[in-house]
Amino acid sequence: MSATASTGGGSVTITLDGSNKTTSMKLMEGTVGPAVFDIRKLYDQLGVFTYDPGYGSTASCESKITYIDGDVGELLYRGYPIEQLAEQSTFLEVAHLLLNGELADASSQKEFDLGIMRHTMLHEQLRRFFDGFRRDAHPMAVMCGVIGALSAFYHDSLDINDPEHRRISAFRLIAKVPTIAAWAYKYSIGQPFIYPRNDLGYVDNFLYMMNAVPAEPYTVPPVLSKAMERWFILHADHEQNASSSTVRLAGSSGANPFACIAAGVASLWGPAHGGANEAVLKMLADIGDVKNIPQFLSEVKDKNNHTRLMGFGHRVYKNYDPRAKIMSQSAHEVLKELGIKGDPLLDLAMELERIALSDDYFVSRKLYPNVDFYSGIILKAMGLPVSMFTVLFAVARTTGWISQWKEMIEDPSQRIGRPRQIYTGAGRRDFVPMGKR
Ligand code: ACO
């Protein structure tokens with residue numbers, strides 16, 4: 001089978017050779033970024049599909065939330081550059097922006113903040129779920145289970161067609177996921193759960209639930225608060241990545257938002273995605289010393305070896321990930337403010353980056369540090385255990401996931417997500433009874 005294409009009038013017309021089947025695909029333009037061909041009628045009119053495993057050439061939806069220019073290394077939330085938001089805004093300002101499309105004025109922001117903080121407590125019965133896990137369970141396993149279980153507790157906000165239900169579910173998720181995360185941590189170390197304190201604000205309350213103990217007073221150190229606020233902002237959204245696409249796909253069937261966010265957490269866990277921040281620290285520990293970098297990189301470059309330079313490379317960024325730049329600056333600031341001089345992990349990471357960026361393997365493939373390369377170094381300096389790194393990512397990304405989910409539900413063109421395949425298995429054949437095989 002072959003096809004002929006002709007262009008004109010902002011569209012491309014494809015005719016299957018030797019047949020009278022033809023289709024015209026309109027070129028759609030976004031505000032910025034590459035144009036896309038609207039292939040929705042392709043199968044109906046030509047009887048053929050497109051093949052794009054990994055979706056490298058496929059726009060799965062129209063979105064107004066986040067824009068990435070991977071060639072220049074630019075990231076915008078609702079049009080605002082990530083550098084400006086990381087420097088000047090709070091995480092809840094960003095949450096309002098992502099969810100509602102605009103920055104709020106002072107009184108609307110106050111109302112939004114109060115609205116979120118009013119939902120930080122977990123249903124007391126949900127507390128018992130934690131006892132069902134082994135103490136050495138990975139906290140991401142606890143996150144998947146307990147976030148999914150939220151659906152069983154909030155029947156009053158599960159009607160996805162009701163805007164008020166959508167709003168309350170979004171608030172509940174953004175507010176309760178930090179409590180679940182902090183309790184997963186407390187459970188793993190055998191300390192009592194610390195109940196939320198709404199007067200502290202979003203980030204400080206989270207750090208308080210993580211670090212306080214009932215036996216003595218605890219004040220969140222401002223250096224930790226500032227660094228975590230920025231860390232959360234940098235992780236809040238990243239357009240149609242694997243976990244956000246998972247949330248959308250799960251939600252496209254009409255599943256409730258709590259179940260969809262649990263699906264997003266599961267997708268985030270993998271080392272090719274959010275699990276990379278944990279994997280970077282493990283990699284740095286395995287390398288151990290600057291003198292071992294060349295040997296490690298030769299393993300990475302060996303095609304027969306499955307080792308990857310974790311925290312490097314990105315499907316969209318073919319330039320420096322702008323979040324990695326901010327993370328790297330932030331790592332230096334945090335270590336300085338915490339009085340940590342000459343952190344061996346940071347020194348090792350910087351040298352690894354320097355050597356990789358002057359190596360043709362990485363240069364020719366446009367592999368640069370991504371957000372995860374330096375993020376774990378900051379978290380480790382802040383005293384957080386490595387197993388919690390991906391959990392923190394999930395806490396921050398919940399805002400992006402729920403914004404993506406809400407946008408999808410409110411999109412009139414939304415349909416159930418149902419990709420097709422190219423079938424390469426056996427053709428039709430008759431069943432052979434056991435005795436004759
Ligand atoms: N180390 C070594 N080689 C790499 C790396 C890496 N980290 N990343 C990509 N490559 C190589 C591939 O081997 C491939 O080489 P080839 O053309 O010779 O076969 C080429 O670069 C293209 O790689 P793909 O795997 O096709 O790129 P893809 O876009 O599918 O993968 C990904 C992107 C998953 C992020 C990948 O770069 C990777 O595994 N990185 C390490 C894990 C990581 O840091 N993930 C976090 C991503 S950011 C985030 O989710 C928050």
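The values are calculated or read from the model by the stated rules, or taken from the named source; none is laboratory data. Note that the structure is a prediction, hence the values are computed from the model and not measured. Cβ: placed from backbone, ideal geometry, glycine included. Neighbour counts: every protein chain shown. Heavy atoms of the whole protein, side chains included, go into the accessibility calculation; ligands, DNA and RNA do not. Shrake-Rupley method; radii C 1.70, N 1.55, O 1.52, S 1.80 Å.
Some values worked out for this structure:
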| read-out | value |
| --- | --- |
| Accessible surface, region 247-388, averaged per residue in Å² (probe 1.4 Å) | 45 |
| Difference of contour (0.36 nm per residue) and Cα-Cα distance, Asp359 to Tyr218 | 46.1 nm |
| Shape box of region 1-151 [Cα atoms, principal axes, largest first, Å] | 68, 42, 26 |
| Ranked by how many other beta carbons lie within 10 Å on average, peptides 55-67, 312-324 from highest | 312-324, 55-67 |
| Accessible surface, region 85-240, averaged per residue in Å² (probe 1.4 Å) | 43 |
| Lys/Arg +1, Asp/Glu -1 at C-beta; the chain dipole; positive extreme among Gly417, Val12, Thr179 | Gly417 |
| FRET efficiency for Arg437 and His306, using Cβ-Cβ distance with R0 set to 30 Å, rounded to 0.05 | 0.25 |
| Net charge of neighbours whose Cβ lies under 14 Å from the Cβ of Glu93, counting Lys and Arg as +1 and Asp and Glu as -1 | -4 |
| Listed peptides 405-416, 229-240, 244-255 by packing density, highest first (mean Cβ within 10 Å) | 229-240, 244-255, 405-416 |
| Mean Cβ count within 10 Å, highest first, over the residues of peptides 361-374, 100-113 | 361-374, 100-113 |
| Debye log10 I(q)/I(0) at q = 0.23 Å⁻¹ for region 125-184, Cα point scatterers | -0.92 |
| Carbon/sulfur fraction of accessible area - the chain, other protein chains in place, 1.4 Å, % | 52 |
| Gained length - Asp52 relative to Ala3, 0.36 nm times residue gap less alpha-carbon distance | 15.8 nm |
| For the chain: span of alpha carbons on each principal axis (Å, largest first) | 81, 65, 58 |
| FRET efficiency, 1/(1 + (r/R0)^6) with R0 56 Å, evaluated for Tyr195 and Met28 via beta carbons | 0.70 |
| Inter-probe distance in nm under a simple model that places probes 7 Å from Cα toward Cβ, at Arg315 and Leu114 | 4.1 |
| Linear extension gain, Arg135 paired with Asp44, 0.36 nm per residue minus alpha-carbon span | 27.4 nm |
